[in-house]
Amino acid sequence: MKASVVAKPDNLGGTRMKAIVYSHYGPPDVLNLEEVQKPVPQDDEVLVQVHAASVNAGDCFLLRGKARLMGFGLLKPKHTILGSDIAGRVEAVGRNVTQFQPGDEVFGNTVKYGFGGFAEYVSVPETGLVLKPTNLSFEEAAAVPQAALTSLQGLRDKGHIQPGQKVLIYGASGGVGTFAVQLAKTFGADVTAVCSTRNVDRVRSLGADYVIDYTHEDFTRNGQRYDLILAVNGYHSIAAYKRALRPEGVYVMTGGSMAQVFQAMLLGPVISRTGRQKMGNSAHTPNRKDLIVMKELIEEGLVTPVIDRCYPLGETASAIRYLEEGHARGKVVITVV
Ligand SMILES: NC(=O)c1ccc[n+]([C@@H]2O[C@H](COP(=O)([O-])OP(=O)(O)OC[C@H]3O[C@@H](n4cnc5c(N)ncnc54)[C@H](OP(=O)(O)O)[C@@H]3O)[C@@H](O)[C@H]2O)c1
């Protein structure tokens, strides 16, 4: 039987750690850097020393109490440390952990396991982790999980992307969009990316075949038709997206304004039932298999995370404020170690 390497206070250099904590909902000002109890891994868990974590829209959503009715705490937060995407080094493992050992460099998504990434340590079931891509820094690896899986699952599982298809990515310059452009190219699509003027060169450098500057041109009115549209950010009416689809085209919404989200969720299924075009939304499902797909694509050099800015752990509130402005150019990352 495998020897247990469960974390004990005496082999971890203390029982306390620094973390970004919040006890009530509100703007980023409610976040505080505090000393809290360091987690002790359960039998199936891995204790990770977090080197970097990335910020996602989900963190902003939870922070402001917008998920109260979704089981995240009605009156106060159920999980007091946010941060889902992490990369770090395994510090200790529970007795039932088979795939990792102390010293391994890992990355993963803690959404299903109570968050906790904006901290020096987090304890995660081994099913939430994968060995870090060998060619990435911890910051780059932490940028991957949620944004990349949102893109991958939107294009592949909901979009049924095929080689040679004309694919348009709307909102191509942010955390999700920069992965979507690269992934659509790895599927062999002919990719049109939509972004603003200052991001045109960057998005083209990610492999987009065509780039439309939304400040100069409305892609829904230029006469082009697409097999697949992935709407990542911003807003167009669902009727406008429908107009830009080929007769059997597919529209997948993964984010953007509330109006864009609700139209896709409420009207998309109705449109899909009444015609050949398919329209709807896609929410990412964290899973190990897709993280491994991303690790392989990254190690083959086919996808590279794009980082806009890194903030130290103590400035997590500023990182979230920046993301909430809505103009990040790639991922926003927290450097912990
Ligand atoms: N479905 C899921 O599971 C899932 C998971 C993660 C995120 N999301 C959602 O996906 C969306 C995008 O997330 P993200 O992390 O990529 O956000 P982000 O990094 O904050 O996106 C910022 C980018 O969006 C661009 N943008 C802003 N307004 C735009 C507009 N009107 N038209 C085109 N581009 C625009 C910005 O470019 P400019 O500065 O040039 O305007 C900026 O580069 C969010 O709504 C988020 O809630 C969904």
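The values are calculated or read from the model by the stated rules, or taken from the named source; none is laboratory data. Keep in mind that this is a model prediction, so the values were computed, not measured. We place every Cβ from the backbone using ideal geometry, glycine too, and count neighbours over all the protein chains shown. SASA here: full protein model, heavy atoms, side chains in, ligands and nucleic acids out. Shrake-Rupley method; radii C 1.70, N 1.55, O 1.52, S 1.80 Å.
Could you list, ordered by first residue, the pairs with Cβ atoms under 7 Å in which the first is in the stretch 274-296 and of a type in the set (Val, Ile, Thr) and the second is surrounded by 12 or more Cβ atoms within 10 Å (Cβ to Cβ), at least 6 apart or interchain?
THR285/GLN153; ILE292/VAL130; VAL293/LEU152
Scan the stretch 176-195 residue by residue and report those that are near the ligand (Cβ under 9 Å from one of its atoms) and open to solvent by less than 20 Å² (accessible area, probe 1.4 Å). Walk me through it before giving the result.
Residues of the stretch 176-195 near the ligand (Cβ under 9 Å from one of its atoms): 176-180, 194-195.
Within the stretch 176-195, GLY177, THR178, PHE179, ALA180, VAL194, CYS195 qualify.
Looking at the stretch 309-337 only, could you name the residues that are among the charged types (D, E, K, R) and open to solvent by less than 40 Å² (accessible area, probe 1.4 Å)? Break it down stepwise before answering.
Taking the stretch 309-337 first, the residues among the charged types (D, E, K, R) are 309, 315, 321, 324-325, 329, 331.
Passing the criteria: only LYS331.
Is it the case that LEU291 is more than 11 Å from the ligand (Cβ to nearest atom), in contact with a Gly (Cβ under 7 Å, 6 or more places away or on another chain) and in a helix (DSSP H, G or I)? So that I can check it myself, show each step before the final result.
Details: more than 11 Å from the ligand (Cβ to nearest atom): yes; in contact with a Gly (Cβ under 7 Å, 6 or more places away or on another chain): yes; in a helix (DSSP H, G or I): yes.
In short, yes.
Among residues belonging to the stretch 106-138 that are assigned to a helix (DSSP H, G or I) and touching a residue at least 60 places away in the same chain (Cβ under 8 Å), point out the one that is most open to solvent (accessible area, probe 1.4 Å).
Of the stretch 106-138, the ones assigned to a helix (DSSP H, G or I) are 111-113, 126-128, 138.
From what's left, touching a residue at least 60 places away in the same chain (Cβ under 8 Å): 111-112, 126-128, 138.
On the way: VAL111: 42, LYS112: 122, GLU126: 24, THR127: 82, GLY128: 7, PHE138: 32 Å².
Looking at the filtered set, the residue picked out is LYS112.
For residues that are small (Gly, Ala, Ser) and either in a strand (DSSP E or B) or more than 14 Å from the ligand (Cβ to nearest atom) (or both), scanning just the stretch 44-61, find the one that is surrounded by the fewest Cβ atoms within 10 Å (Cβ to Cβ). Walk me through it before giving the result.
Here is the first cut: in the stretch 44-61, the ones small (Gly, Ala, Ser) are 52-54, 57-58.
Narrowing the set further to residues that are either in a strand (DSSP E or B) or more than 14 Å from the ligand (Cβ to nearest atom) (or both) leaves 52-54.
Working: ALA52: 25, ALA53: 33, SER54: 31.
Selected residue: ALA52.
Can you tell me which residue in the stretch 199-217 is farthest from ARG329 (Cα to Cα), limited to those that are out of contact with any strand residue (DSSP E or B) (no Cβ under 7 Å at 6 or more places or on another chain) and without any contact (Cβ under 8 Å) to a residue 12 or more places away in the chain?
Once the filter is applied, the top-ranked residue is GLU217.
Please verify whether the stretch 90-105 includes one or more residues that are closer than 26 Å to ALA180 by Cα, buried (at least 24 other Cβ atoms within 10 Å of the Cβ) and in contact (Cβ under 8 Å) with a residue 12 or more places away in the chain. Please lay out each step first, then the result.
Initial filter on the stretch 90-105 (closer than 26 Å to ALA180 by Cα): 105.
With buried (at least 24 other Cβ atoms within 10 Å of the Cβ) added as a condition, the list becomes none.
No, the conditions are met nowhere in the stretch 90-105.
Could you run through the stretch 62-75 and say how many residues are at pLDDT 95 or above and open to solvent by 50 Å² or more (accessible area, probe 1.4 Å)?
Counting residues in the stretch 62-75 that are at pLDDT 95 or above and open to solvent by 50 Å² or more (accessible area, probe 1.4 Å) gives 1.
What's the number of the only condition in (1) surrounded by 20 or more Cβ atoms within 10 Å (Cβ to Cβ); (2) touching a Phe, Trp or Tyr at 6+ places or on another chain (Cβ under 6 Å) that VAL306 fails to meet?
Evaluating VAL306 over (1) surrounded by 20 or more Cβ atoms within 10 Å (Cβ to Cβ); (2) touching a Phe, Trp or Tyr at 6+ places or on another chain (Cβ under 6 Å) leaves (2) as the failure.
Which ones in the stretch 5-32 are modelled with pLDDT under 95 and assigned to a loop (DSSP other than H, G, I, E, B)? Walk me through how you get there before you give the answer.
Narrowing the stretch 5-32 to residues modelled with pLDDT under 95: 5-15.
Once the filter is applied, which keeps residues that are modelled with pLDDT under 95 and assigned to a loop (DSSP other than H, G, I, E, B), the stretch 5-32 yields VAL6, ALA7, LYS8, LEU12, GLY13, GLY14, THR15.
State which residue is nearest to ARG309 (Cα to Cα) when the search covers only the stretch 41-75 and only residues that are among the β-branched types (Val, Ile, Thr) and touching a helix residue (DSSP H, G or I) at 6+ places or on another chain (Cβ under 7 Å).
Taking the candidates together, the pick is VAL55.
In the stretch 309-326, how many residues are without any contact (Cβ under 8 Å) to a residue 60 or more places away in the chain and either in a loop (DSSP other than H, G, I, E, B) or near the ligand (Cβ under 8 Å from one of its atoms) (or both)?
Residues of the stretch 309-326 without any contact (Cβ under 8 Å) to a residue 60 or more places away in the chain: 309, 311-312, 315, 322, 325.
Narrowing the set further to residues that are either in a loop (DSSP other than H, G, I, E, B) or near the ligand (Cβ under 8 Å from one of its atoms) (or both) leaves 325.
Here the count works out to 1.
Looking only at the stretch 327-337, how many residues end up being among the aliphatic types (A, V, I, L, M) and near the ligand (Cβ under 8 Å from one of its atoms)? Write out each step before concluding.
Of the stretch 327-337, the ones among the aliphatic types (A, V, I, L, M) are 328, 332-334, 336-337.
Now drop any that are not near the ligand (Cβ under 8 Å from one of its atoms), which leaves 328, 332.
Number of matching residues: 2.
List the number of the failed condition for GLN146; all other conditions in (1) touching a Lys or Arg at 6+ places or on another chain (Cβ under 9 Å); (2) assigned to a helix (DSSP H, G or I); (3) within 13 Å of the ligand (Cβ to nearest atom) hold.
GLN146 satisfies every listed condition except (1).
ARG202: within 7 Å of the ligand (Cβ to nearest atom), open to solvent by 40 Å² or more (accessible area, probe 1.4 Å) and either touching a Leu at 6+ places or on another chain (Cβ under 9 Å) or not in a loop (DSSP other than H, G, I, E, B) (or both), yes or no?
On the way: within 7 Å of the ligand (Cβ to nearest atom): no; open to solvent by 40 Å² or more (accessible area, probe 1.4 Å): yes; either touching a Leu at 6+ places or on another chain (Cβ under 9 Å) or not in a loop (DSSP other than H, G, I, E, B) (or both): yes.
Criteria not met by ARG202.
Would you please name the residue that is nearest to the ligand (Cβ to nearest atom), looking only at residues in the stretch 218-235 that are in contact (Cβ under 8 Å) with a residue 40 or more places away in the chain and among the polar types (S, T, N, Q)?
Of all residues in the stretch 218-235, those in contact (Cβ under 8 Å) with a residue 40 or more places away in the chain come to 219, 224-234.
Next, from what is left, pick out any that are among the polar types (S, T, N, Q): 224, 233.
Details: GLN224: 16, ASN233: 4 Å.
Within the stretch 218-235, the match that is nearest to the ligand (Cβ to nearest atom) is ASN233.
Can you pull out every residue in the stretch 149-175 that is more than 16 Å from the ligand (Cβ to nearest atom), in a loop (DSSP other than H, G, I, E, B) and either of a type in the set (Phe, Trp, Tyr) or in contact (Cβ under 8 Å) with a residue 60 or more places away in the chain (or both)?
HIS160, ILE161, GLN162, GLN165 - these are the residues of the stretch 149-175 that are more than 16 Å from the ligand (Cβ to nearest atom), in a loop (DSSP other than H, G, I, E, B) and either of a type in the set (Phe, Trp, Tyr) or in contact (Cβ under 8 Å) with a residue 60 or more places away in the chain (or both).
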